[in-house]
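Have a look at the structure below, then the notes.
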Amino acid sequence: MATKKKQKKKTKVSRAIRISFKVLTLAILCGLIILGIVFYNQYGKELLEMQEDAKTLVANSTNETFRQAETSFVYDINEKLLSTLKGTKDVHYIPYEDIPDDAVNAMISIEDKKFMTHKGVDPKAIIRAGVAYIRNKGDIHQGASTITQQLSRNIFLTHEVSWERKLKEMFIAKGLEKKYDKYEIMEFYLNNIYFANGYYGIEAASKGYFNKNVKDLSLSKIVFLCAIPNNPTLYDPVDSKENTIKRRDRILGQMLEDGKITKEQHDKAVNEKINVKIKKVKRNNYIETYVYHCAIKELMKKQGFVFQDDFDSEKEKKKYDELYHEYYKECQQSLYKDGYRIYTSIDPKLQKELQKSVDETLKDFKDKADNGVYLFQGAATTIDNETGRVVAIVGGRSQNLDGLTLNRAYQSYRQPGSSIKPLIVYAPALQLGYTPEQIVEDKKFEGGPRNSNGRYDGKITLRRAVEKSSNVVAWKIFEDITPTVGLSYLKKMDFAKIDKNDYYPAASLGGLTYGVNAVEMASGFAAIVNDGVYREPTCIINMTDTSGQELVSDHINLVPVYEENAARTMTNILTGVLKYGTGRGLALNNMSCAGKTGTTNDKKDGWFVGYTPYYTTSVWVGYDIPKTVSNLYGSTYPGYIWKQFMNTIHEGLEYKQFKGYISNEKPKEEETDEEEEKPKEEDIDPEEEQNKEVPDTDHSEEDTGEPDDSDGIDDGTIEEPVEEEPVEEKPVEEDPGEGDPVGEDPDVVGESPDNVGEEPVQGH
């Protein structure tokens, strides 16, 4: 009896579970139907349009579609041809029968194991990607694309990271699988993917890296090549050969596991030493490297990439860096194959003169590195003040060498010394109420820096403090306005490498963790002469695609940084630097001019940044690996380069004066004679005579005893790994002080930032 009751009770429970399950199932189905209806109403039309677009693209495709590589052309300001950019896949396209089986098997093993069986997409891979999307809170990660999808993206789409593009990619891939067989798709794929360093297609890569046809390569070398396309930056066989080797070994392991090679073949391939015999990539000159860099940034913007300098955490920064490099490399690739017409502001006459000035001034420095590159270098950038665009850029001395060119003007970051003072100390101070004739105290104080000449003038005007490049005054004013306020002006002008450790008084003397580059300095001073309005430095006027459609317009965003009167006042003060101050003797012959010198501690870096109503030019001089040069000051080699160049390019131009400023000074009871306003003879640096045109090329380490405007902040070079392999040295942690003019150790003063930090994101 009890047993029957238990059975009856059990039956009722089971029935209840079944009913509940049916109700739940029905509810889920209803929910899915409702969601489906909502989704269709919202996205159905868009999905249908994507499908139709995909069908059209596939239907119009032919075998020739996958053999196209359009040449891109670069033009100067006169619309004359400067450069051509053409990929190599047209020249080296090979049919499937000439592609080694090892290459096909390697790609299938590592990129798409189900290639031979799927119909364009891998549903399981998509599900995995969807799960990852949810786990990463909306971040889209690569990894679900089949070989056919990758081909679809490379040929028909952009590299925009979005689900819309992903869906288009899937629709196209399914269409390609219906129109072409697997062997054709693999042929298209291996002839179109990017193998780094300008090589498109596996045959081009084989010739470029090994100087052989791919069919003549060993298993190890073939798989080595197949390791590159997954991430051409990470697995670049020139810059990151060890990474490429590791991925080669991983692929060989997969091929062994998949039964594509034997254990004997695997072991032999793993143990084979790889020697990349790359023909040095055709040397790009300084114009070309900068043009390509600017064009790539414009393409990144076009694809929706948002440039960023501030990060809440190292994790966020790392994530940004990875995305930046991905976008940069992809857009770099497109320059070689998408047929752009790039119109630039580069003026060939100005470029020639700027290069000539650098080369002639530094010609007696003949020491070279093992690779033949001059050790003592210079960099310079010129901006047209009317347009805000770069018209000339020099990234180093002229040399007829094979290999890549490091463009120091935008890739090398160095300590600016006192040349930074107008941007972060004085122009902000003028905007906040300081005046040129305001009395400030040039007096040594505890915890502060000391002046380069070891003298302190007591009560002087702010104007005179700028002319003398007083470190004490700059430091005290910077403390007054606060480092946060001062550095905010650099942030507004997109100085890329301002670090959290820079928010200390030492920054007022150029003591920055990573430093600045010549392009940034030119654009900063150009903002001053442009009434305080900053324009992002670029040489791109316009870009069009192969059909003539405009991709980049000639519009430049205007960003107010300094108030108009503050900027004009700053200019007025800086004219005195060239008449009475550290830049005495550098004034131009027949043109209004203003500028600022900068010399770092131990005379390792020299800067001069100056401008006229027409042009702004910044000049840096120093060693790639920082080294003391006894007679290097902002007023010597950098100043000589600047004066020679600016005098030449202003010949024949109508004389112009700078715009006047409105004085906020209170009227004086008694006027001071003009003679009394001029500096005393002992204040003038003896090295900076008006007629001193030829630099002293004695390179001994003996100090000349000449005063400078150094700031006691050691320096280093941090380069952007865009296309080059830069020399890199982080700044050494050192207390800020003033470099002693007679070679003694500077006074150890005050607190300084930690000048040692991780390399910030590049290429902004």
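So which of D267, D249 ends up being closer than 15 Å to A103 by Cα and either in contact with a helix residue (DSSP H, G or I) (Cβ under 6 Å, 6 or more places away or on another chain) or without any contact (Cβ under 8 Å) to a residue 24 or more places away in the chain (or both)?
Matching residue, one of D267, D249: D249.
Which condition breaks for F445 when tested against (1) without any contact (Cβ under 8 Å) to a residue 40 or more places away in the chain; (2) surrounded by 22 or more Cβ atoms within 10 Å (Cβ to Cβ); (3) of a type in the set (A, V, I, L, M, F, W, C)?
Every condition holds for F445 apart from (2).
Identify, from the list D236, D312, the residue that is surrounded by 16 or more Cβ atoms within 10 Å (Cβ to Cβ) and under 27 Å from the mean Cα position of the chain (by Cα). Can you show your working first?
Values: D312 fails: surrounded by 16 or more Cβ atoms within 10 Å (Cβ to Cβ).
Criteria check complete, one pass: D236.
Can you name the residue in region 70-92 that is in a loop (DSSP other than H, G, I, E, B) and surrounded by fewer than 20 Cβ atoms within 10 Å (Cβ to Cβ) and, of all such residues, is modelled with the lowest pLDDT? Break it down stepwise before answering.
First pass over region 70-92, keeping only residues in a loop (DSSP other than H, G, I, E, B): 71, 76-80, 86-92.
Now restrict to residues that are surrounded by fewer than 20 Cβ atoms within 10 Å (Cβ to Cβ): 71, 78-80, 86, 90-91.
Working: T71: 76, N78: 95, E79: 94, K80: 94, K86: 66, D90: 41, V91: 50.
So the residue we want is D90.
Okay, residues lined up against (1) farther than 20 Å from Y180 by Cα; (2) modelled with pLDDT under 70; (3) not β-branched (V, I, T):
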residue	(1), (2), (3)
I34	yes, yes, no
I37	yes, yes, no
N41	yes, yes, yes
E64	no, no, yes
R67	no, no, yes
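Would you mind finding the one in V472, V485 that is surrounded by fewer than 21 Cβ atoms within 10 Å (Cβ to Cβ), touching a residue at least 24 places away in the same chain (Cβ under 8 Å) and of a type in the set (A, V, I, L, M)?
Working: V472 fails: surrounded by fewer than 21 Cβ atoms within 10 Å (Cβ to Cβ).
When all the criteria are applied, what remains is V485.
Residues that are at pLDDT 95 or above, assigned by TED's automatic domain parsing to the domain that holds L632 and of a type in the set (G, A, S): find the helices (runs of 4 or more DSSP H) completely inside region 419-483 holding 2 or more of those.
Working: elements: 427-431, 462-468, 471-481.
Those helices (runs of 4 or more DSSP H) span 427-431.
For region 263-288: of the residues being surrounded by 16 or more Cβ atoms within 10 Å (Cβ to Cβ) and either farther than 23 Å from K241 by Cα or of a type in the set (G, A, S) (or both), which is modelled with the highest pLDDT?
Once the filter is applied, the top-ranked residue is A269.
Identify the residue in region 487-501 that is part of a helix (DSSP H, G or I) and out of contact with any Ser or Thr (no Cβ under 7 Å at 6 or more places or on another chain) and, among all such residues, is farthest from K317 (Cα to Cα). Lay out the reasoning, then the answer.
From region 487-501, those part of a helix (DSSP H, G or I) are 487-492, 500-501; that's our starting set.
If we keep only those that are out of contact with any Ser or Thr (no Cβ under 7 Å at 6 or more places or on another chain) as well, we get 487-492, 500.
Numbers: L487: 20, S488: 20, Y489: 22, L490: 20, K491: 17, K492: 19, K500: 13 Å.
Out of the qualifying residues, it is Y489.
Does V23 satisfy being in contact with a helix residue (DSSP H, G or I) (Cβ under 9 Å, 6 or more places away or on another chain), among the β-branched types (V, I, T) and either at pLDDT below 85 or buried (at least 18 other Cβ atoms within 10 Å of the Cβ) (or both)? Quick ask: steps written out before the conclusion?
On the way: in contact with a helix residue (DSSP H, G or I) (Cβ under 9 Å, 6 or more places away or on another chain): no; among the β-branched types (V, I, T): yes; either at pLDDT below 85 or buried (at least 18 other Cβ atoms within 10 Å of the Cβ) (or both): yes.
So V23 fails the test.
Please specify each residue of region 346-388 satisfying the condition of being among the polar types (S, T, N, Q) and under 28 Å from D624 (Cβ atoms). Step through it out loud before you land on a result.
Initially, region 346-388 is screened for residues among the polar types (S, T, N, Q), giving 351, 355, 357, 361, 371, 377, 381-382, 385, 387.
Q351, Q355, S357, T361, N371, Q377, T381, T382 - these are the residues of region 346-388 that are among the polar types (S, T, N, Q) and under 28 Å from D624 (Cβ atoms).
Within region 508-525, does at least one residue satisfy the condition of being of a type in the set (D, E) and surrounded by 20 or more Cβ atoms within 10 Å (Cβ to Cβ)? Working first, answer last.
Initial filter on region 508-525 (of a type in the set (D, E)): 520.
Filter again for surrounded by 20 or more Cβ atoms within 10 Å (Cβ to Cβ), leaving 520.
Scanning region 508-525 turns up at least one residue that is of a type in the set (D, E) and surrounded by 20 or more Cβ atoms within 10 Å (Cβ to Cβ).
P100 fails exactly one of the following numbered conditions: (1) at pLDDT 70 or above; (2) within 37 Å of the chain's Cα centre (by Cα). What is the number of that condition?
Condition (2) is where P100 drops out.
Checking G208 against (1) buried (at least 18 other Cβ atoms within 10 Å of the Cβ); (2) within 37 Å of the chain's Cα centre (by Cα); (3) under 26 Å from S61 (Cα atoms), which single condition isn't satisfied?
(3)
From the residues in region 391-416 that are within 25 Å of P560 (Cα to Cα) and assigned to a helix (DSSP H, G or I), which one is farthest from the chain's Cα centre (by Cα)?
By that ranking, first place goes to A409.
Rundown of residues vs (1) among the charged types (D, E, K, R); (2) within 27 Å of L157 (Cβ to Cβ), yes/no style:
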position: L219; (1), (2): no, no
position: N230; (1), (2): no, yes
position: E257; (1), (2): yes, no
position: I261; (1), (2): no, no
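May I ask you to list pairs of residues, at least six apart or on different chains, whose Cβ atoms are under 8 Å apart, with the first in region 201-225 being on the phi > 0 side of the Ramachandran plot and the second being outside any loop (DSSP other than H, G, I, E, B)?
What qualifies is G201/L190; G201/N191; G201/N192.
Might you let me know whether region 604-615 holds any residue that is buried (at least 19 other Cβ atoms within 10 Å of the Cβ), of a type in the set (D, E, K, R) and more than 26 Å from the chain's Cα centre (by Cα)?
No, region 604-615 contains no residue that is buried (at least 19 other Cβ atoms within 10 Å of the Cβ), of a type in the set (D, E, K, R) and more than 26 Å from the chain's Cα centre (by Cα).
Do any helices (runs of 4 or more DSSP H) lying entirely in region 168-244 carry at least 1 residues that are acidic (D, E), and which ones are they?
Values: elements: 182-192, 202-210, 219-226.
Result: 182-192, 202-210.
Evaluate the following for V291: is it of a type in the set (V, I, T), within 17 Å of the chain's Cα centre (by Cα) and either outside the structural domain of V390 (by TED's automatic domain parsing) or under 26 Å from D112 (Cα atoms) (or both)?
Details: of a type in the set (V, I, T): yes; within 17 Å of the chain's Cα centre (by Cα): yes; either outside the structural domain of V390 (by TED's automatic domain parsing) or under 26 Å from D112 (Cα atoms) (or both): yes.
For V291, the condition - of a type in the set (V, I, T), within 17 Å of the chain's Cα centre (by Cα) and either outside the structural domain of V390 (by TED's automatic domain parsing) or under 26 Å from D112 (Cα atoms) (or both) - is met.
For every residue, the table says whether it meets (1) touching an Asp or Glu at 6+ places or on another chain (Cβ under 9 Å); (2) of a type outside the set (S, T, Y).
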{"residue": "K277", "(1), (2)": "no, yes"}
{"residue": "H293", "(1), (2)": "yes, yes"}
{"residue": "L299", "(1), (2)": "yes, yes"}
{"residue": "K302", "(1), (2)": "no, yes"}
{"residue": "D312", "(1), (2)": "no, yes"}
{"residue": "E326", "(1), (2)": "no, yes"}
{"residue": "C331", "(1), (2)": "yes, yes"}
{"residue": "K337", "(1), (2)": "yes, yes"}
{"residue": "T344", "(1), (2)": "yes, no"}
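For residues that are of a type in the set (S, T, N, Q) and under 20 Å from A379 (Cα atoms), scanning just region 417-434, find the one that is farthest from the chain's Cα centre (by Cα). Lay out the reasoning, then the answer.
Here is the first cut: in region 417-434, the ones of a type in the set (S, T, N, Q) are 418-419, 431.
Checking the rest, the ones that are also under 20 Å from A379 (Cα atoms) come to 418-419.
On the way: S418: 24, S419: 22 Å.
Per the criteria, the residue is S418.
The values are calculated or read from the model by the stated rules, or taken from the named source; none is laboratory data. In this text, all values refer to a predicted model and were calculated from it rather than measured experimentally. Glycine also receives a Cβ, built like all others from the backbone with ideal geometry; neighbour counts cover every protein chain displayed.
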